[in-house]
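As structure tokens, the structure follows; a few thoughts come after it.
Only the coordinates and a few stated rules stand behind these numbers; no lab work does. This one's a predicted model, so the numbers in the text were calculated from it and none came from an experiment. Here the Cβ is made from the backbone with ideal geometry for all residues, glycine too, and neighbour counts use every protein chain on show.
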Amino acid sequence: MILQIDNVHLPEQGLVSIQVADGRIHGLGADLVCPPEAERWDGEGMVLVPGLVNGHTHAAMTLFRGFGDDMPLMEWLQTRIWPAEARLSEEDVYWGTRLACLEMIRSGTLCFTDMYWHFPGVARAVEESGMRALLGAVMIDVAGEEQARHCQRMTEEYFEQAQQFSSRIQFTLTPHAIYTVSRQSLQWVRDFAERHQLPIQIHLSETRHEVEQCLQQQGLPPALYLDQIGLLHERVILAHGVHLNDAELDRIALRGATLVTNPVSNMKLAVGGSFPYRRAAQRAIPMALGTDGAASNNSLDLFQEMKVMSLLQKHSEQDPTLLPAEEAWAIATGKRAPLLGQNAALAVGEAADFLLLRLDGVEVTPNHHLYSNLVYAATGYCVDTAVVAGRVLMRQRQIADAEEIVQQARLRAQQICQISS
Ligand SMILES: [Zn+2]
């Protein structure tokens, strides 16, 4: 099928038409000739932009949204999240992930990086949603060698299973963190990822306690410890990176790993300090933006996250010029992280992944500066249409199966959280 959308505003270029065929952008510009067999829409009043990229989340945790807020971290994990997670079935994770995908599409996210349990449920949900994702199964071996071997077996099995899904799903290795995964297991991750050329995602340097513990046990700060193992390179995604020192940032820059900042989750869990944006940008470290799970955010709307990211940097560095709107938008669309922003370019021959935004609403009037409006004023509600690989996932804010997804997720969340409370 060929789809042509006319009269859309492309930033820096003006009014254009976009033509989509075979999952790719087939034409982009003024005066495109529309083939007679094409489906044709009028996009008047809409702005054409790339999709947003959520660089770090735990999608199915939408089921725990608002379940135990305002609690100390360990008490929250021990009395709420971990007991509830222990009861999750693959089907629960499937519906929780469908709910997350629904929320992300409605707020303009077309690609995300996920770390969670029950990989087959997550992958099935992403496949059906039409989104793109980097997915992996959590590895934790605090219980010892038997747990480590189990995680390795599951990773091998899931890696095989991942081959049956479309290329929109990319399998990753997901050791949870340096304080929950042993050096031996991290070495196993390094070797398996090397053999199959897979990306790796890991939480790193989220709290001061993690840094102190690493210094005590390994004699090195977290990023240097990872590098000592050989787990710091251009296929590695580091979530958080709040408490990194200059030597660690130098090493991350040298190795080409990607940092993903999650400002709302960091503030909500009171991790202290803020992401070292200025020092990371000075070193041209690849950077992306994430929401973390909905249990610690509680939203997956990257429009909110962009605003908080920029404001937190300005506030903490006492510099209102830091992280301007255009840069926040570039980070949120994956343009500052090659590993995650593979579909950020709107150009002929590229994958047809894009959004149409309505910027004629009250909240974004007048439109003196597009990126200021997008970052400081808009919310995900401005997203009208979402397209991934040429497939229309949402038009006029309507998404197939939305009602069933909300109903199923609500029911399952109630059951799981009732049992646990
Ligand atoms: Zn996380």
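For the stretch 302-355, the Kirkwood hydrodynamic radius comes to 12.3 Å, computed from all pairs of different C-alpha atoms.
Divide by every residue of the chain the summed helix terms, -39500 (n - 2.57) for each DSSP H run of at least 4, and state the resulting mean residue ellipticity at 222 nm, rounded to the nearest 500 deg cm²/dmol. Intermediate values should be presented prior to the final figure.
Details: 14 runs with 153 residues, N = 421.
That comes out to -11000 deg cm²/dmol.
Sorted ascending by nearby beta carbons within 10 Å, beginning with the fewest, 192, 67 become 192, 67. The residue among 135, 189, 86 whose Cα reaches farthest toward the positive pole of the charge dipole of the chain, with charges on the beta-carbon of Lys, Arg, Asp and Glu, is 189. One compactness figure for the stretch 301-421 is 1.31, namely its Cα radius of gyration divided by 2.2 N^0.38 Å. Mean separation of Cα pairs under 8 Å and 6 or more residues apart, divided by the residue count, gives the stretch 290-421 a relative contact order of 19 percent.
What the phi angles of the stretch 42-56 give under the Karplus curve with 6.51, -1.76 and 1.60, with θ = phi - 60°, is a coupling list of 9, x, 4, x, 9, 10, 9, 9, x, x, 7, 10, 8, x, 7 Hz, glycine and proline written as x. Per-residue Cβ neighbour counts within 10 Å put 159, 303 in the sequence 159, 303, beginning with the fewest. Put a plus charge on the Cβ of each Lys and Arg, a minus charge on the Cβ of each Asp and Glu, and nothing anywhere else: the dipole of the chain about its Cα centre is then about 420 debye.
Quick one: grab the alpha carbon gyration tensor of the stretch 233-284, order the square roots of its eigenvalues as a ≥ b ≥ c, and give me rounded if a/c is under 1.5, else prolate or oblate depending on whether a/b is larger than b/c. Let's see the in-between values first.
Numbers: a/c = 2.40, a/b = 1.67, b/c = 1.44.
Here the stretch 233-284 falls in the prolate category.
Rounded to the nearest 10 degrees, the inclination of helix 183-196 to the longest alpha-carbon principal axis of the chain is 40 degrees.
Between the alpha-carbon centres of the stretch 353-410 and the stretch 31-89 there is a gap of 12 Å. Once the Cβ-Cβ distance of residue 12 and residue 39 is raised to the sixth power relative to R0 = 35 Å, the FRET efficiency obtained is 0.80.
P(r) for the stretch 129-278, from all Cα pairs and a bin width of 5 Å, is 2, 9, 19, 21, 20, 15, 10, 4, 1, 0 %, short bins first.
Would you order 33, 406, 264 from fewest to most other beta-carbon atoms within 10 Å of each residue's own beta-carbon? Provide the component values of the computation, followed by the final result.
Details: 33 9, 406 15, 264 21.
With the fewest neighbours first, 33, 406, 264 line up as 33, 406, 264.
In the chain, Cα pairs under 8 Å separated by at least six residues give a relative contact order of 21 percent. Geometric descriptor of the stretch 52-332, per residue, is 121 Å³ (volume of the convex hull of the Cα atoms). Indicate, rounded to the nearest 5 percent, the antiparallel portion of the DSSP beta bridges found entirely in the chain. The antiparallel fraction comes to roughly 45 percent.
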